[in-house]
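First up is the structure itself, then whatever we jot down about it.
Here, each number is a calculation from the coordinates, and none is a lab measurement. What you see is a predicted model, and the numbers here were worked out from it, not measured in a lab. In this analysis, Cβ positions are derived from the backbone assuming ideal geometry, glycine residues included, and neighbour counts consider all displayed protein chains.
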Amino acid sequence: MHLRRVVITGMGSISPFGIGVELLFESLLANRSSVRYVPELTRIEGLRTRIAALVPGIDPKEIPRKYRRSMSNMSIYATLASQEAISQGGVTEKELHSGNTGVAIGSTVGSPVATQEFYEEFLPNKSLETTRATFFFQIMNHSCASNVAQVFGISGRMLAPSAACSTGCQAIGYGYEMIAYGKQEMMLCGGADEFHPLTAAVFDILNASSVKYNERPTEAPRPFDRDRDGVVCGEGSGILLLESLDSAKSRNAPIVAEIIGFATLTDPTNIADPNANSIEICIRKALTEAPIAQNEIDYINAHATGTIQGDIAESEAIRRIFGDKTPTSGLKGHLGHTMAASGAIETIATIIMMQRGILIPTLHLDSIDPLCDNIFHFRSRVEKPIRTILKNNFALGGINSCIILRRYEDD
């Protein structure tokens, strides 16, 4: 079957740096950290981590109340990021309402904040008298996708993948496949998550959260570094507007990149620990789909969470395929781990790197762990032409995802 070419024509970001794609990239370029000390975490007994990467400066009232009532923070982030992507892509209301535009936006779970509020009201008296009618729309697993569709009048297909840290990457990949197979002309794709102490607690209980840098929050996390000690949780949303090349050309839309390969698979060997063999297979599957040779990858944006095992497994998988020749870095030292949003926010940043010919190094990579020093790390900004990039994302539950993008060339 002939697959249609799929391009990206719009991007939107709500990140721990704030609102907008331009602020995201400016902050990364300046090697800023978005991680900060969060005093509220001290109230959780047994929770050792005290730091997170939280979204600043959001005004929910930018969204009309009739829509906002059914939203938690994650849906607000997804809506504002979608608005930026739609604006950048120049999509009209008619095109959004046509049925030819769909949504693929996921989160790790429904709103944990709204869920806590419900049970705090319900459990003491086993009463529903104070339960808001809009509660369910905030906690349902497809809350972000549904709320975005409602706000913008999108009537095409809806997907709401939930694969923890692989969610954003999967959503982009599934949107790509939806368009490539002719099921939709456009898709708003990405992920969103809101911070809750239980998110950090998951990693803390697994001994995978950063605890050594509570007094020096801007020094964590530390992907691939010898002194790394785990994840710093964050929040936000990244949304990309995907469409068929024919659609983009007919609209004279600004094409920022083309998607040429995608793979996602399940690793059944361990539900918690990443596996180099499975990561390697996922990367190779994405390369098999893309019409390029592996030596044509100019840059790898790694998942690179800053966990001991995760960084070792990913660097080993990259080494087996690319050796030490392909520049590799991760962005979680700047952003923290924005969970379901991470794949999309980091893909947006990677696309801008490709557009501008600038590679951003891994923040806090002061002393490379010898067990990760088998690939091409770089410590300072690199300026070079970039045509093709690989983006990795891996998740608890054994979910691996990879996307390959290239600079669009009208051939």
How far, in nm, would the chain grow between E120 and R387 when pulled straight, counting 0.36 nm per residue and subtracting the alpha carbon separation?
90.9 nm
Straight-line reach only, C-alpha to C-alpha below 30 angstrom: list the lysines that K183 could link to, leaving out same-chain residues fewer than 8 apart.
K94, K249, K285, K391
Extent along principal axes [Cα atoms of the range 36-77; Å; largest to smallest]:
39, 18, 12
Among C189, C233, what is the fewest-to-most ranking by other Cβ atoms within 10 Å?
C233, C189
Taking the alpha-carbon centroid of each part, what is the distance from the range 260-303 to the range 139-201 in angstrom?
21 Å
If you average the alpha carbon positions of the range 113-135 and of the range 329-405, how far apart do those two centres end up, in angstrom?
40 Å
Express in nm, to one decimal, how much length is gained between A272 and V202 on full extension, taking 0.36 nm for each residue of separation and deducting their alpha carbon distance.
24.1 nm
For the range 45-161, count all C-alpha to C-alpha pairs, find those more than 17 Å apart, and express that count as a whole percent of the total.
62 percent
Once both labels are modelled 7 Å past Cα along the beta-carbon direction, what's the D366-L3 spacing in nm?
4.4 nm
Provide the descending list of Cα extents for the range 6-251 along its principal axes, expressed in whole angstroms.
55, 51, 30
Based solely on C-alpha atoms, express the radius of gyration and the Dmax of the range 226-285 in angstrom.
18.0, 51
In nm, to one decimal, how far is the modelled label at E93 from the one at I292, with both set 7 Å along Cα→Cβ?
4.0 nm
What's the percent breakdown of Cα-Cα distances in the range 161-233 across 5 Å bins, shortest bin first?
4, 14, 17, 16, 14, 11, 8, 8, 5, 2, 0
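Which longest run of the chain has no exposed loop site in it, a site being GluC sites (Glu not before Pro) in a DSSP loop with at most 13 other beta carbons within 10 Å, and the site itself not part of the run?
216-408
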Using a ≥ b ≥ c from the Cα gyration tensor of the range 262-406 (square roots of the eigenvalues), is it rounded, prolate or oblate, where a/c under 1.5 gives rounded and otherwise the larger of a/b and b/c decides, a/b for prolate?
rounded
Quick check: pseudo-label points 7 Å beyond the Cα along Cα→Cβ at T218 and D373, how many nm apart are they?
2.8 nm
Note the per residue figure in Å³ for the convex hull of the C-alpha positions in the chain.
135 Å³
Top mean-square fluctuation among T79, T131, T307, Gaussian network model of the chain, C-alpha springs under 10 Å?
T131
Between T131 and D227, the FRET efficiency computed from the C-beta separation at R0 = 45 Å comes out, to the nearest 0.05, as 0.45
